[in-house]
Amino acid sequence: MIKAVRGFKDLLPEEAGVFRWLEEQAREILRRYGFSEIRLPILERTELFARSIGESTDIVEKEMYTFQDRSGDSLTLRPEATAGVVRAFIEHGLYNRPKPLKLFTIGPMFRHERPQKGRLRQFHQIDVEVFGAASAGMDAELVALALGILRAGGARDLRLEINSLGCPGCRGPYREALREFLFSRRERLCEDCRRRAERNPLRALDCKREGCQREYQEAPMLSAFLCEDCRRHYQHFKTYLQEGGILFIENPRLVRGLDYYTRTIFEIKAPGLGAQDTVAAGGRYDGLVSALGGPETPAVGFAIGMERWWLVSRGSQREVAAPDLFIAPLGEEARRWAFRLAALLRDRGLKVESDYEGRSLKALLRQADRLSARWALILGEQELQEQRALLRDLASGTQLSLPFRDLEDLLNRVLIEILF
Ligand code: ATP
Ligand code: MG
């Protein structure tokens, strides 16, 4: 038996129903905030991710699905959406549009990680990006939006953690101070962190190992290095959050897994998720558009992990809606008649089921019952000869026999009753 690839999950009808419901909640909240959808390829040039996410990040170093296609190009299944959105933003000259430009996209992402609860190799994100807004007001609005979406899905007791990563100006000196600190504790750090100390010291702070985290309690903090502008921006961000009644926790050790962030970063955590408790994460990335060849454009965004959101959502199973009418044909001629009638009624907006397997009346009615159909239209050979059909109310069991010529009229009336 061939099975799905490890870390890749099928969504069966009930699950797909919940997924779609969650998406609908998100879309409705996004609409209220003025966002437009953008749909992007899931495959990009490897170089796009290497340059935007950063060469020495976990994602680029060890999590990407990268391969050479038949033309010899190095391609990568997208591990996150921001890089692709920024590429499209530049490629299609979207910077010429009125600002701020608010975009969102929903779809699968791919990372070669160890599968566990809340961690898959193909997972889905709702990705939200705003271009051309530099003020911290937009950062706070995005936090409100993220919380709004998560709550619309039924998530409760969310915890917002925030920090500022400063700009390249203040991060340079901080990086040196941190590197020095890491070197001074070198012996007590894991191998990954020793490597990070040289290549990308900030990434060390994101290490998942307890031993390393213990050491980092004493690490220098970026907040002490923030320049005047970054400090003010961070202050504004907090003021806006307070203005909106949004509770937050300042976590001076919060860093994000991608290199492109500047100033504001945030994570939203949900209780009950265990080790993988971050449902949404994001921040500002003022330097990324220009780094990828576009004009200087401030930008801020976040992504919600759909699967983790689902785990803390109302998780209600959306059932497949019951049919309005089940047509039960008996005999070949009746089946052809049923086929035509079903198509006709579906064209008019009714949800209609029929069956062409030649089952007995008893079996057909059982099927109608299982589907929770409201009406059954029984068409036997006898009826066909008399140009009549039996319409049965499946709830009460009452039925009436009516001639074909009345059928249309009656169905029209039933239609009106069902639809309005
Ligand atoms: P983590 O620290 O959990 O690895 P991350 O920092 O790598 O998260 P981001 O790149 O910020 O995650 O992605 C945003 C969100 O996407 C995460 O908060 C999470 O909800 C979701 N996510 C990330 N990786 C996975 C995965 N492998 N499986 C399921 N969801 C994921
Ligand atoms: Mg990760």
Quiz item: Give me the pairs: first residue in segment 45-59 and free of Cβ contacts under 8 Å to residues at least 12 places away in the same chain, second residue within 14 Å of ligand 2 (Cβ to nearest atom), beta-carbon distance under 6 Å, and six or more apart or on different chains, which are they?
Solution: ALA50/VAL60
Quiz item: In segment 80-100, what residues are surrounded by 22 or more Cβ atoms within 10 Å (Cβ to Cβ) and within 16 Å of ligand 2 (Cβ to nearest atom)?
Solution: ALA81, THR82, ALA83
Quiz item: Looking only at residues in segment 128-157 that are in contact with a Gly (Cβ under 7 Å, 6 or more places away or on another chain) and part of a strand (DSSP E or B), which one is surrounded by the most Cβ atoms within 10 Å (Cβ to Cβ)?
Solution: VAL128
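Residues checked against (1) within 14 Å of ligand 1 (Cβ to nearest atom); (2) in contact (Cβ under 8 Å) with a residue 24 or more places away in the chain; (3) of a type in the set (A, V, I, L, M); (4) surrounded by 15 or more Cβ atoms within 10 Å (Cβ to Cβ):
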| position | (1), (2), (3), (4) |
| --- | --- |
| LEU273 | yes, yes, yes, yes |
| ALA281 | yes, yes, yes, yes |
| VAL289 | no, yes, yes, yes |
| ALA299 | no, yes, yes, yes |
| PHE302 | yes, yes, no, yes |
| MET306 | yes, yes, yes, yes |
| GLU333 | no, yes, no, no |
| ALA338 | no, yes, yes, yes |
| ARG346 | no, no, no, no |
Self-check item: Check on TYR234, among the aromatic types (Phe, Trp, Tyr) and either touching a helix residue (DSSP H, G or I) at 6+ places or on another chain (Cβ under 8 Å) or away from ligand 1 (no atom under 16 Å from the Cβ) (or both)
Solution: yes
Practice problem: With the checklist (1) in a loop (DSSP other than H, G, I, E, B); (2) surrounded by fewer than 17 Cβ atoms within 10 Å (Cβ to Cβ) in hand, flag the one item GLY7 doesn't pass. | Solution: (2)
Exercise. Would you check which residues across segment 56-77 are closer than 30 Å to LEU202 by Cβ and away from ligand 2 (no atom under 16 Å from the Cβ) and list them?
Key: THR66, PHE67, SER74, LEU75
Quiz prompt | Long-range neighbours under 6 Å by Cβ, at least six apart or interchain, first residue more than 18 Å from THR66 (Cβ to Cβ) within segment 103-125, second of a type in the set (A, V, I, L, M, F, W, C) and modelled with pLDDT under 95 | solution = GLY118/LEU273
Practice problem: Give THR76, THR82, THR105 a once-over and let me know the one that is of a type in the set (Ser, Thr, Tyr), in the same structural domain as PRO271 (by TED's automatic domain parsing) and closer than 15 Å to ALA281 by Cβ. | Solution: THR82
Exercise. Please determine, by comparing only the residues of segment 101-117 that are surrounded by fewer than 20 Cβ atoms within 10 Å (Cβ to Cβ) and outside any strand (DSSP E or B), which one is farthest from ligand 2 (Cβ to nearest atom).
Key: LYS117
Practice problem: Say whether the condition of being within 12 Å of ligand 1 (Cβ to nearest atom), β-branched (Val, Ile, Thr) and at pLDDT 95 or above is met by at least one residue in segment 122-145. | Solution: yes
Self-check item: Exclusive hit being modelled with pLDDT under 90, out of contact with any helix residue (DSSP H, G or I) (no Cβ under 9 Å at 6 or more places or on another chain) and not charged (D, E, K, R), set GLN399, GLN367, GLN382, GLN387
Solution: GLN382
Exercise. All but one of (1) outside any loop (DSSP other than H, G, I, E, B); (2) within 13 Å of ligand 1 (Cβ to nearest atom); (3) surrounded by 15 or more Cβ atoms within 10 Å (Cβ to Cβ) hold for LYS62, so report the exception by its number.
Key: (3)
Exercise. Mind counting the residues in segment 16-54 that are surrounded by fewer than 15 Cβ atoms within 10 Å (Cβ to Cβ) and more than 22 Å from ALA83 (Cα to Cα)?
Key: 6
Quiz prompt | Output for segment 256-271, where each listed residue is modelled with pLDDT of 85 or more, aliphatic (A, V, I, L, M) and near ligand 1 (Cβ under 9 Å from one of its atoms) | solution = ILE268
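The values are calculated or read from the model by the stated rules, or taken from the named source; none is laboratory data. This is a predicted model, so every value here is computed, not measured. Please note: Cβ atoms are built from the backbone with ideal geometry, for glycine as well, and neighbour counts cover all protein chains shown.
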